[in-house]
1. Could you say which residue among VAL86, VAL72 is of a type in the set (Val, Ile, Thr) and more than 14 Å from ASP22 (Cβ to Cβ)?
2. Could you tell me whether any residue of region 21-29 is assigned to a helix (DSSP H, G or I) and crowded, with 18+ Cβ neighbours inside 10 Å?
3. Does ALA97 qualify as being closer than 25 Å to THR128 by Cβ, in contact (Cβ under 8 Å) with a residue 60 or more places away in the chain and over 13 Å from the mean Cα position of the chain (by Cα)?
4. List every residue pair whose Cβ atoms lie under 7 Å apart, where the two residues are 6 or more positions apart in sequence or sit on different chains, the first residue falls within region 18-35 and is touching a residue at least 60 places away in the same chain (Cβ under 8 Å), and the second residue, located anywhere, is of a type outside the set (D, E, K, R) and surrounded by fewer than 17 Cβ atoms within 10 Å (Cβ to Cβ).
5. Considering only residues that are exposed (fewer than 14 other Cβ atoms within 10 Å of the Cβ) and in contact (Cβ under 8 Å) with a residue 24 or more places away in the chain, which ones fall in region 37-64?
6. Which residue, of VAL94, VAL85, is outside any helix (DSSP H, G or I) and either surrounded by 17 or more Cβ atoms within 10 Å (Cβ to Cβ) or touching a strand residue (DSSP E or B) at 6+ places or on another chain (Cβ under 6 Å) (or both)?
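Read the figures in this text as sums done on the coordinates, not as results from a lab. Keep in mind that this is a model prediction, so the values were computed, not measured. Reconstructed Cβ throughout: ideal geometry from the backbone, glycine too, with neighbour counts over all protein chains shown.
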Amino acid sequence: MKRFTDFVSASLQHITEYFPWDIAEKLNSSSPPLILDVREPAEFDAMHIRDSLNVPRGILESACEYGYEETVKELVEAREREIVVVCRSGNRSVLAAFTMQLMGYQNVASMKTGLRGWNDYELPLVDTAGKMVPVEQGDDFFTARVRPDQLETGK
């Protein structure tokens with residue numbers, strides 16, 4: 001049986017990852033990458049990197065092609081543009097970056113450590129209104145909260 005972490009590990013062998021500080025530097029360049037946030041809309045609304053594009057992982061494939069209700073023109077037309085995929089911890093973004101490569105995207109990478117790491121380095125996040133999010137609020141938001149019923153019981 002394959003597990004989530006197995007899929008992430010297998011995909012990592014085929015993609016490029018950048019650390020948050022590398023992405024911050026790229027964003028300050030003359031041709032910044034498209035930041036693609038694959039978290040769910042509520043996660044994105046709470047806090048995200050300014051000017052990033054939110055396309056949830058669950059609709060990514062159809063958002064990357066014309067002809068679907070989920071089609072995102074900016075994403076479809078970015079096949080040759082540098083794209084950095086981000087998520088909360090850097091796992092969903094690995095899967096998304098690999099999938100996009102399979103779909104013909106030529107310059108796509110994942111942000112290692114995700115937005116949790118971005119916040120740890122005190123890089124700026126904004127909420128849906130564009131207001132800066134305090135680092136402490138990010139720390140709380142990105143803390144994993146696994147309930148007892150979500151833990152493996154060692155059957």
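1. The conditions single out VAL72.
2. Among the residues of region 21-29, at least one is assigned to a helix (DSSP H, G or I) and crowded, with 18+ Cβ neighbours inside 10 Å, which makes the answer yes.
3. In short, no.
4. Once the first residue is touching a residue at least 60 places away in the same chain (Cβ under 8 Å) and sits in region 18-35, its partners that are of a type outside the set (D, E, K, R) and surrounded by fewer than 17 Cβ atoms within 10 Å (Cβ to Cβ) give PRO20/TYR121; TRP21/TYR121.
5. Within region 37-64, ASP45, ARG50 meet the criteria.
6. Answer to the selection: VAL85.
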